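A.B. asks: Below is the structure I would like to discuss, written out as C-alpha cells.
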Amino acid sequence: MAKINFGGVTEEVVTREELPMEKAREILKNETIAVIGYGVQGPGQALNLKDNGFNVIVGQRKASKTWDKAKNDGWVEGKDLFEIEEALEKGTIICYLLSDAGQIALWPTVKKHLTPGKSLYFSHGFGITYKEQTGIIPPDGVDVFLAAPKGSGTSLRRLFLEGKGLNSSFAIFQDATGKAHEKVTALGIGVGSAYLFPTTFEKEVYSDLTGERGTLMGAIAGIFEAQYNVLRSKGHSPSEAFNETVEELTQSLMPLVAENGMDWMYANCSTTAQRGALDWRHKFREATQPVFEELYNSVSSGNEARITIEANSKPDYREGLEKELKELRESEIWQAGAEVRKLRPERL
Ligand SMILES: NC(=O)C1=CN([C@@H]2O[C@H](COP(=O)(O)OP(=O)(O)OC[C@H]3O[C@@H](n4cnc5c(N)ncnc54)[C@H](O)[C@@H]3O)[C@@H](O)[C@H]2O)C=CC1
Ligand SMILES: CC(=O)[C@](C)(O)C(=O)O
Ligand SMILES: [Mg+2]
Ligand SMILES: [Mg+2]
C-alpha cells in the first residue's frame, strides 16, 4: 500500500498502480460474483464489474420492478440474471447489496449458501457491526469483507461512464482463506474505484451514518431550510431566498470547493464575502458541534441502527419514505427550486 500524508497524518492507500485492472481480473478469474439486490448500489457495482470484464451475475426477486430494471440494463434471465436463491447457489462471492434492513430478512437464506471457501461482500459495515440487532453472524470458513463506494450507486455508474469514478473504503472482518485482502481490493477496483482506503467495519458504519445524517444529507437540508425560512420571514421572495441558499452553492461555489478546497472558493469570492464568512464560520461550527456529538453518540450506541431497522422493516416502508420525500418536494423551498432549475441558462 502507498503511504500518503493527509494533513500531517500518514495513512496507507491501495492504488491502481499496485493493483491495475488486469491484475484485479486475474485475482478473481475463477470467481462468480453474485450481486444480490438491484436497488441503487446493485446496478452501479454489477454493471461496472461487467464492463470491467469480471464474471458477474445478478440475483433479484422475479416479481419486482427491479427485476425489470435489471432486464432493461441488459441482464439476461438464465444467463446472468437469476432468482436470488439460484444466484446464491451459483455465486462464489456473494455481494450482499440488499437494503440494510432487507439483509436481515434474507439472512437465513444467504447463510445456507455460505459454504466454506465462498466470500461474503458488503458495501457497508451495518449488518456485521450491529449484529445484536441484525443477527448477521457469518459462518467460519468464509471470507467476509466490504468495499464501500463513497457515494450513491447512481453516481458510481454515471462517473464510470464518463471515465471518472468514486473511491471506496474497504475492510476485512474475517479472512478464512488468507486471500481476503486480494479479493476485496480486486473487487473495489472492479466496481470502479481508483483508490481504496482501509478501514474497519465499525469505523465504516459509524462514519457513514454520521456523514449521511450530518453534512452530506441531514444537516445540509436543515441548514438550507433555516436560512431560507429567515430570508422569507424578512420579506425576500422565494426565488431570491432559493438562489442565495441553494442554487449559488450547487452551481457556482461547491464546484470550486471540489476543485481546489475551501480557501480557493473563498478566494474567488469578494473580499466582503471572505471577511464575513471567515468570521461566521466559527459561530456555525460552535453552534452545530453539540448536534454532531449527539448524532455520533446516537450512531455508536446503535440507536440509529434500531430506528432504521424498525422503520425499514415495515412492509410499507417504501410508501412511507415516498410520502416524506413528496412532502419535501412539495415544500415551498423545493418548489421554488424546481422553477429556478428550469431557468438555468443551459436550458434556454
Ligand atoms: N444507496 C447507495 O448508493 C449506497 C448504499 N450503500 C450500501 O449498499 C447496500 C445496498 O443499498 P441500496 O442499494 O441503497 O439498497 P436498496 O434500498 O436500493 O435495496 C436494494 C435491493 O434490496 C431489495 N430488498 C429490500 N428488502 C428486501 C427483502 N426483504 N428481500 C429481498 N429483497 C429486498 C430491494 O428490492 C432492492 O432491489 C446497503 O448496505 C447500503 O447501506 C453503500 C453506499 C451507498
Ligand atoms: C450514498 C452513500 O454513501 C450513503 C449516503 O451513505 C448512502 O446512500 O447510504
Ligand atoms: Mg456512504
Ligand atoms: Mg450510507
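Laboratory data are not the source of any read-out in this text; all were calculated from the coordinates shown. Bear in mind that the values here come from a model prediction, so they are computed numbers and not experimental data. When we count neighbours, we look across all protein chains shown, and the Cβ atoms used for this are built from the backbone with ideal geometry, even at glycine.
A.B. asks: For the chain, report the % of Cα-Cα distances exceeding 33 Å. Each step should come with its number before you reach the end.
C.D. replies: Numbers: 21721 of 60378 pairs.
Tail of P(r) above 33 Å: 36 percent of Cα pairs.
A.B. asks: Quick one: HIS113, HIS181, fewest Cβ neighbours within 10 Å first, how do they rank? List each step's numbers first, then the result.
C.D. replies: Values: HIS113 19, HIS181 16.
Arranged by neighbour count, lowest to highest, HIS113, HIS181 become HIS181, HIS113.
A.B. asks: Can you compute the helix-only [θ] at 222 nm over the chain? Use -39500 (n - 2.57) per DSSP H run of at least 4 residues, normalise by all residues, nearest 500 deg cm²/dmol. Mind showing how you got there, number by number?
C.D. replies: Working: 18 runs with 186 residues, N = 348.
About -16000 deg cm²/dmol.
A.B. asks: If you wrap a convex hull around the alpha carbons of region 2-200, what volume per residue comes out, as a whole number of Å³?
C.D. replies: Working: hull volume 23.7 nm³, N = 199.
Convex hull of Cα atoms, per residue: 119 Å³.
A.B. asks: Then there is this: What is the distance in Å between the Cα centroid of region 156-200 and that of region 106-139?
C.D. replies: So the separation of the two Cα centres works out to 18 Å.
A.B. asks: Also: Give the angle, between 0 and 90 degrees and rounded to the nearest 10, that separates the Cα long axis of helix 317-330 from the longest principal axis of the Cα atoms of the chain.
C.D. replies: The angle comes out at about 20 degrees.
A.B. asks: Next question. Using the C-alpha atoms of region 214-347, what convex hull volume per residue, in cubic angstrom, is computed? If you can, show how the numbers build up before the last one.
C.D. replies: Details: hull volume 21.1 nm³, N = 134.
Looking at region 214-347, the number lands at 157 Å³ per residue.
A.B. asks: Compare ALA171, ALA241, ALA24 in a GNM of the chain, Cα atoms joined below 10 Å, and give the one with the largest fluctuation.
C.D. replies: ALA241
A.B. asks: Could I ask something else about it? Just to confirm the number: angle between the C-alpha axis of helix 100-112 and the first principal axis of the chain, 0 to 90 degrees, nearest 10?
C.D. replies: The two axes meet at around 10 degrees.
A.B. asks: Follow-up. Mind listing which GluC sites (Glu not before Pro) in region 32-111 are in a DSSP loop and have 15 or fewer other Cβ atoms within 10 Å? Numbers along the way, then the final one.
C.D. replies: Numbers: sites: GLU77, GLU83, GLU85, GLU86, GLU89; in loops: GLU83.
For GluC sites (Glu not before Pro) across region 32-111 that sit outside H, G, I, E and B with at most 15 neighbouring Cβ atoms in 10 Å, the list reads GLU83.
A.B. asks: Going by how many other beta carbons lie within 10 Å of each one, how would you line up ASP73, ASP208, ASP68, fewest first?
C.D. replies: Working: ASP73 16, ASP208 20, ASP68 13.
Arranged by neighbour count, lowest to highest, ASP73, ASP208, ASP68 become ASP68, ASP73, ASP208.
A.B. asks: Something else about it: Restricting to Cα pairs below 8 Å that are 6+ residues apart, what does the relative contact order work out to for the chain? Please round to a whole percent.
C.D. replies: With pairs under 8 Å counted, the relative contact order is 15 percent.
A.B. asks: Using Cα pairs closer than 8 Å and at least 6 residues apart in sequence, work out the relative contact order for region 214-347, in percent. Intermediate values should be presented prior to the final figure.
C.D. replies: Details: 44 pairs, mean separation 42.6, N = 134.
Relative CO of region 214-347 lands at 32 percent.
A.B. asks: Here's another thing I want to ask about it. Students often forget the sequence filter, so: which aspartates and glutamates lie under 12 Å Cα-Cα from LYS131 once same-chain residues fewer than 8 apart are removed?
C.D. replies: Straight-distance partners of LYS131: ASP100, GLU202.
A.B. asks: Build a GNM of the chain with springs between Cα atoms under 10 Å: which of VAL230, VAL56, VAL14 gets the top mean-square fluctuation?
C.D. replies: VAL230
A.B. asks: Using a Cα-Cα cut-off of under 16 Å, which lysines could be cross-linked to LYS118, ignoring same-chain neighbours fewer than 8 residues away?
C.D. replies: Qualifying lysines at Cα under 16 Å: LYS29, LYS90, LYS179, LYS183.
A.B. asks: Additional query: Per Stokes-Einstein, at 25 °C and 0.890 mPa s, what whole-number D in µm² s⁻¹ belongs to region 179-246, with the Kirkwood radius over Cα pairs as the hydrodynamic radius?
C.D. replies: Values: Rh = 15.2 Å.
It diffuses with D of about 161 µm²/s by this estimate.
A.B. asks: Could you work out how far helix 201-213 tilts from the main Cα principal axis of the chain, as a 0 to 90 degree angle to the nearest 10?
C.D. replies: For helix 201-213, the angle is close to 30 degrees.
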